[in-house]
1. If you split all Cα-Cα distances of the chain into 10 Å bins from zero, what percentages do you get per bin, shortest first?
2. Within the chain, what whole-number % of the accessible surface is contributed by carbon and sulfur, with the 1.4 Å probe and all protein chains included in the calculation?
3. Please say if the range 93-169 is rounded, prolate or oblate, where rounded means a/c under 1.5 for a ≥ b ≥ c the square roots of the C-alpha gyration tensor eigenvalues, and otherwise the choice is prolate for a/b larger than b/c and oblate otherwise?
4. Per-residue HN-Hα couplings for the range 152-169, Karplus 6.51 cos²θ - 1.76 cosθ + 1.60 at θ = phi - 60°, whole Hz, x for Gly and Pro?
5. Suppose a student asked you for the relative contact order of the chain, using Cα pairs under 8 Å spaced at least 6 residues apart; what percent would you report?
6. Would you mind calculating the gained length between ALA29 and GLU169 on full extension (0.36 nm times residue separation, minus the Cα-Cα distance), in nm to one decimal?
Amino acid sequence: MLVQVLSSIEMPAHIHVSVERQSLHLALANGVERHYDVSTAANGTGCETGSYCTPTGDHRIRLKIGEGCPTGAVFRRRRPTGEIFNPELAERFPDRDWILTRILWLEGLQYGINRASSLDTLRRFIYIHGTADEHLIGRPVSHGCIRMRNDEIVDLFSLVPTGIAVHIE
């Protein structure tokens, strides 16, 4: 009887990012689930400003940016530039940390851990976003953000609401 009661309870929608596995799991209340490979920070985990680490703990998606933009759209300071990523752009700007296609801007929810002062995920501009380095997905190579393949960030973006819980560990 207890099993039936527990199985009938709807779990709230959430995203879980595993730095160890370099993966993102989405679970929606309606039973939809998705698994994606990702790339987190080359410097590992940490919440300090300037660390170039992926922050851990409880977050939420504060803003969704890029609705309707084409796959490969280039973003600078969270605004589309009008460019579409291509090999010529990559050659002209070889050191750019490309933010492409869609942005899910994260906000930390834990004061003193990932919110406020020098530990603030939102002020660090930490996103889940598309990347030009799709061949590196599955390895920790980012500057702190969570990078995804461009077609997969489009899929994730279409499924999640603003405010969805994101846990990073």
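1. Per 10 Å bin, starting at 0, the Cα pair percentages come out as 11, 39, 34, 12, 3, 1, 0.
2. Details: 4740 of 8940 Å².
Summing carbon and sulfur atoms, their accessible area is 53 percent of the total for the chain.
3. Numbers: a/c = 2.13, a/b = 1.37, b/c = 1.55.
Here the range 93-169 falls in the oblate category.
4. Values, residue by residue: 7, 5, 4, 4, 4, 4, 6, 9, 9, x, 4, x, 4, 5, 10, 10, 10, 9 Hz.
5. Working: 388 pairs, mean separation 52.5, N = 169.
This gives 31 percent for the chain.
6. Values: separation 140, 0.36 × 140 = 50.40 nm, distance 2.15 nm.
That pair, ALA29 and GLU169, stretches by 48.2 nm at full extension.
The values are calculated or read from the model by the stated rules, or taken from the named source; none is laboratory data. All figures in this text were calculated on a predicted structure; none of them were measured in a lab. These area figures cover heavy atoms from the full protein model, side chains too; ligands, DNA and RNA do not enter into them. Shrake-Rupley method; radii C 1.70, N 1.55, O 1.52, S 1.80 Å.
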